[in-house]
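This report concerns only the one structure given below.
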């Protein structure tokens, strides 16, 4: 009862906030996977990556993408903050129930909130760097080899974990699929995307190290 009182304020407002959070979350996951495929073009060679980057620049997709991310991330963060316990009393209730229940789904919600806060900071840095530095195979490889490798590894792991848990909670909450089935499917997708991301980072690092 205490947990419900801490997290529930207005049923109608909560439904709207829930819808905004779900839609914005799905859009961010779609962008994450699309972005992963775009960056993975480096696996096909420098020319393939630069050709795709050049197309995005001349077609005006880069500024459009930045505006899209600002709007969607802002909506998602606003919805999440609206549903998160803000007062110290409410936070203590959530932590107490999490420790008492000791359920994986409960702790995954807690860790998702923590990773979400970290991702917001990392995403802002990444968007700012890419926007002002430009998109190019040489620039990206030098950036990875020049000190950003750990940054991108952390960004990769946190984003994939956050996306996987978010999708799992959406599917289970709305009863679209069975709990164990979606968990297995999302685990496979997460492993595959992390593997693609790791291979991409390795190629960028190798290219950048050869130029330093």
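The values are calculated or read from the model by the stated rules, or taken from the named source; none is laboratory data. Treat the numbers as computed from the prediction; the structure is a model and nothing was measured. With ideal geometry, Cβ positions are generated from the backbone for all residues, glycine too; neighbour counts draw on all protein chains shown.
Data for the structure
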item	result
From 145, 163, 137, residue being within 16 Å of residue 30 (Cβ to Cβ), at pLDDT 90 or above and crowded, with 18+ Cβ neighbours inside 10 Å	163
Qualifying residue in the stretch 110-133 (condition: crowded, with 18+ Cβ neighbours inside 10 Å and in contact (Cβ under 8 Å) with a residue 60 or more places away in the chain)	no
Within the stretch 50-64, considering residues that are free of Cβ contacts under 8 Å to residues at least 12 places away in the same chain and assigned to a helix (DSSP H, G or I), the one surrounded by the most Cβ atoms within 10 Å (Cβ to Cβ)	51
